[in-house]
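Step one of this worksheet: look at the structure below.
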Amino acid sequence: MASASRYNPSEIEPKWQQNWLETEIDRASEDKSKPKFYALSMFPYPSGNLHMGHVRNYVITDVMARWRRMQGYRVLHPMGWDAFGLPAENAAIDRGIHPAQWTEKNIQQMKQQLQQLGLSLDWSREVATCSPDYYKWTQWIFLQFFQAGLAYQKESAVNWDPIDQTVLANEQVDGEGKSWRSGAKVERKLLKQWFLKITEYAEELLNDLEKLPGWPDRVKLMQENWIGKSVGAYLEFPIIGIENKIGVFTTRPDTVYGVTYVVLAPEHPLTPKVTTSDQKPAVEAFIQEVTNESEQERTAEDKPKRGIPTGGKAINPFTGEEIPILIADYVLYEYGTGAVMGVPAHDARDFQFATQNQLPIKQVIVPEGEAVSDTLENAYTEAGTIVNSGQFDGLNSVEGKQVIIDHAEKQGWGKARIQYRLRDWLISRQRYWGAPIPIIHCPSCGAVPVPDKDLPVELPEDIEFTGRGGSPLTQLESWLNVSCPSCGEAAKRETDTMDTFIDSSWYFLRYTDANNIEEAFNQEKVNDWMPVDQYVGGIEHAILHLLYSRFFTKVLRDRGLLNCDEPFQRLLTQGMVQGMTYKNPKTGKYIPSQEVNPDDPKDPNTGDELSVFFEKMSKSKYNGVDPLEVLDKYGADTARMFILFKAPPEKDLEWDSADVEGQFRFLNKVWRLVMEFVEQNEVIDQNADLSKAEKDLRRAIHTAIKSISEDLAGDYQFNTAVSELMKLNNALNEAKCKTSPVYQEGIEALVKLLAPFAPHITEELWHAFGHKDSIHQQKWLEADPDALTVDEINLVIQIKGKTRGTIPVPANASREELEKYARESDAAQRYLEGKEIKKVIVVPGKLVNFVV
């Protein structure tokens, strides 16, 4: 038997981790008679190294899974790997190793690290998005979109590296508009690429946020803003000299009489048509200059808005006036119609642009009761009264919007329109390490889907990685050249691979039937487990990943493949793990903590005083803590307890080694308490009536059960739950009835309540009691209402509002009885002697105050 004085996690934890893997006790039950609970953490990218953010995420979800399992639920708690992406391809370029080898090595390394945390994961359902067994179904799902008319190709501007001859993601372009790898000035280039029509679901994605009461309000607001619903009008401005019209969308049709110019995106198809011969050289030079700017540079808020006249003229159909047509860097063809109407008197950006380019400013809205201003210092953007607008003068601008739209529709100048900020999802990536898009391009048939029987379209292995000249797939003729599945003519494969967000937009569905080789998932199984009951992950994924997952779920529902409308019923966005950070405010350099004396933080090189603060753990800031070092020194249970105790799960957590030590000491106290009881093995007091000490202890036990259950069932206040465990441990230590069955009840309750939080030590202690089964298969405790009933309370005795003592009294005593007990108490007798009582104030359950 283990020693009562020695808690050694390095001996205990590996044994139980291996046992859980071998006995499969934590694998999801298929017993349909039990309620289901699908607990899911956002799956990680296999970088090879576990960091504290991972630890926090997975420990939080594991507590939920273990607790629900003890409550009698069948629990699905899987894990996998978001394994496609640019880092693996960069590793292939830098290290001369195939991305698959690099990724597989990292997966094995991280899996081993995760297992050290004692997570009750169902590894039999493990998926890796880079496996052909997985991306076969990613490709199949893409074809579902294609068949539904939700996948299409069009030309779109991309970031182009002219040296490496490759497309760059926005994240690969630095603040100066240069390529992260080659340092070349990034150009904008039009490429034909694949999109998914997420805009078809914009309204439903927006409205269904109301179906998610279990999501944080700020996440729903972020999604709402990203979708960006705008109600307004589509208006057309005829172009002088040609038949085309310039279409614009505006939320302020009430200001249309104030339009004094129109702006096109430089890449707009109408730009060359409206440009006059005398302006052509200047316009072409401006377009070339803008082409070399990234989207970030063009749309930066603090950047001056640059533009140039095309020489062309349009007509404001409402006024009949000729207005100039310009092009400007801040208008992007991919946004809206690629054109905007300029109303400088009532739009801050237009006001700035018009002022810089000496364009007319015409006021058509004034504050109610005021006249038109002779000079405007700033744009007036609020509601007001319409002026200078012909028949609409005098109308309130809010009401006037619809009146003007109705007029435009009658005249054929425009119509009401709802527009969204959300754009269709560009999924093409000109890279190797991703799921190939399963399309074959035939000269006769066009874009032809790869037949289901030929899936997956596997990534070829005989590839050379240079980092230059575009995707390696474009250069492998043996893979590229195929016959058209429709007509047999010589054709070519699509060489773009899919955005990795595609992989993570349906992985939660695959987990429900991860080993199915015939289908992406079985409908009965996916409808049984979905939606995910609790999703846990970082706030950085609050928009794109969650929005795309919602989109996928709705499309697959409409294809008849599943029943649910939303993928994630409840969402918890855990806070970041922050480390103590040292920075030299003069040089801006971060200093490694091991080089700093925390009592006198100075730069070891310059002697400058350092700024000391908590910031998100990062290698570049030298403030990270290696989870493996913590596990080696204190064990997984201590790391778990600290992570759960230090802060509520949605708040940022400040790493403090002293608090880690505190949790290690707490687990040692639990160990000693339980092992001393086991070694003593003496329960002799079997009195039918409980003594006061037994009643007090039983109340403490069931108060802990009630409080911890409420903390887990509500907003997952793990920190207060751990505090309750500490209180119960203290109550057991101080108990005066250690040979009572109540004390035994308390010891076993402490171990059961601690089990979801610290699974290894509790498993060991449970078996020390002599049990053969797992503690994690035990029934969760329920509080006994009778035990919570208080027989006695401590009544406070006050004289003129000042406390003079307390006495025990029956909890159900009446007002008259409380006054009687108080009068007879020693405190009252001592302080009231010889004095006249003028008034007696009785507060039932709390105090009696004598006014003398």
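What follows is calculated from the coordinates using simple rules that are stated; it is not laboratory data. Treat the numbers as computed from the prediction; the structure is a model and nothing was measured. When we count neighbours, we look across all protein chains shown, and the Cβ atoms used for this are built from the backbone with ideal geometry, even at glycine.
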For this session: Please work out how much length the chain gains when fully extended from N733 to E11, using 0.36 nm per residue of separation minus the C-alpha to C-alpha distance, in nm with one decimal.
Result: 257.4 nm
Problem set entry | Residue among Y420, A731, I404 farthest towards the positive dipole end of the chain, charges placed on Cβ | A731
For this session: Calculate the length of the line joining the C-alpha centroid of the range 517-543 to that of the range 123-159, in whole Å.
Result: 16 Å
Problem set entry | Cα Rg over Rh - the range 792-851, Kirkwood | 0.92
Exercise. How far, in degrees from 0 to 90, does helix 217-227 lean away from the longest principal axis of the Cα atoms of the chain, to the nearest 10?
Worked result: 10 degrees
Problem set entry | Residues listed by number, the range 227-268, amide nitrogen under 13 Å from V403 label point at 7 Å toward C-beta | 254-255
Problem set entry | Nearest-0.05 FRET efficiency for L628 and E334, computed from C-beta distance (R0 30 Å) | 0.10
Problem set entry | Spin-label model distance (nm) - V678 vs D374, 7 Å beyond Cα toward Cβ | 9.3 nm
For this session: Please work out the FRET efficiency for the pair N605 and E301, using the Cβ-Cβ distance as r and a Förster radius of 51 Å; give the result to the nearest 0.05.
Result: 0.85
Seminar exercise, completed: So the FRET efficiency between S47 and T720, C-beta based with R0 = 56 Å and rounded to 0.05, is 0.95
Problem set entry | Gain in span if fully extended, I97 to Q352, counting 0.36 nm per residue against the direct Cα distance | 86.5 nm
For this session: Given a cut-off of 20 Å, name the pairs among K189/K303; K305/K401; K583/K633; K820/K846; K154/K492; K589/K616 whose C-alpha atoms lie farther apart than that in the structure shown.
Result: K189/K303; K305/K401; K583/K633
Exercise. Nearest-5 percent of antiparallel DSSP beta bridges in the chain?
Worked result: 75 percent
Problem set entry | Whole-number Å³ per residue for the convex hull built on Cα positions in the range 53-130 | 92 Å³
Problem set entry | Distance in nm between pseudo-label sites at Q594 and E661 (7 Å out along the Cβ direction from Cα) | 1.9 nm
Seminar exercise, completed: Row for the range 229-420, column shape: gyration tensor on C-alpha, a ≥ b ≥ c, rounded if a/c < 1.5 i.e. under 1.5, prolate if a/b over b/c, else oblate; value prolate
Exercise. Taking amide hydrogens as modeled 1.01 Å from N in the peptide plane, which residues meet the under 5 Å criterion relative to E321, leaving out close sequence neighbours?
Worked result: N316
For this session: Bin width 10 Å, alpha-carbon pairs only: give the P(r) of the chain as whole percents, running from 0 to the bin holding the largest distance.
Result: 2, 10, 15, 18, 17, 15, 10, 7, 4, 2, 0, 0
Exercise. In a Debye calculation with equal point scatterers on the alpha-carbon sites of the range 656-787 and no solvent, what is log10 I(q)/I(0) at q = 0.20 Å⁻¹?
Worked result: -1.27
Problem set entry | Dipole magnitude (debye, nearest 20) for the range 742-824, charges at Cβ of Lys, Arg, Asp, Glu | 560 debye
Exercise. Out of Y743, A783, F666, whose Cα points farthest toward the positive end of the dipole of the range 656-787 (charges: +1 Lys, Arg; -1 Asp, Glu; placed on Cβ)?
Worked result: Y743
For this session: Working from the alpha-carbon coordinates of the range 264-338, get Rg over Rh, Rh being the Kirkwood radius.
Result: 0.99
Exercise. So how strong a dipole does the range 577-638 carry about its Cα centre when Lys and Arg Cβ are +1 and Asp and Glu Cβ are -1, to the nearest 20 debye?
Worked result: 340 debye
Exercise. What shape does the range 431-527 have by the C-alpha gyration tensor, where a ≥ b ≥ c are the square roots of the eigenvalues, rounded means a/c under 1.5, and otherwise prolate means a/b greater than b/c and oblate the rest?
Worked result: oblate
Exercise. How many nm separate the modelled label positions at E382 and K273, each set 7 Å beyond the Cα in the direction of the Cβ?
Worked result: 4.2 nm
Problem set entry | Prolate/oblate/rounded label for the range 577-638 (Cα gyration tensor, a/c 1.5) | prolate
Exercise. Put +1 on the Cβ of each Lys and Arg and -1 on the Cβ of each Asp and Glu in the chain; which of A157, S611, G369 then has its Cα farthest toward the positive end of the dipole?
Worked result: G369
Seminar exercise, completed: Once phi for every residue in the range 315-325 is put through the Karplus expression 6.51 cos²θ - 1.76 cosθ + 1.60 (θ = phi - 60°), the whole-Hz ³J(HN,Hα) values, with Gly and Pro written as x, are 10, 6, x, 6, 10, x, 7, 7, 10, x, 10
For this session: Using only Cα atoms, tell me the angle between helix 9-23 and the longest principal axis of the chain; keep it within 0 to 90° and round to the nearest 10.
Result: 70 degrees
For this session: Give me the angle, in degrees from 0 to 90, between the Cα long axis of helix 657-680 and the longest principal axis of the Cα atoms of the chain, rounded to the nearest 10.
Result: 40 degrees
Problem set entry | Magnitude of the charge dipole, the chain, Cβ model with Lys/Arg +1 and Asp/Glu -1, debye to 20 | 1060 debye
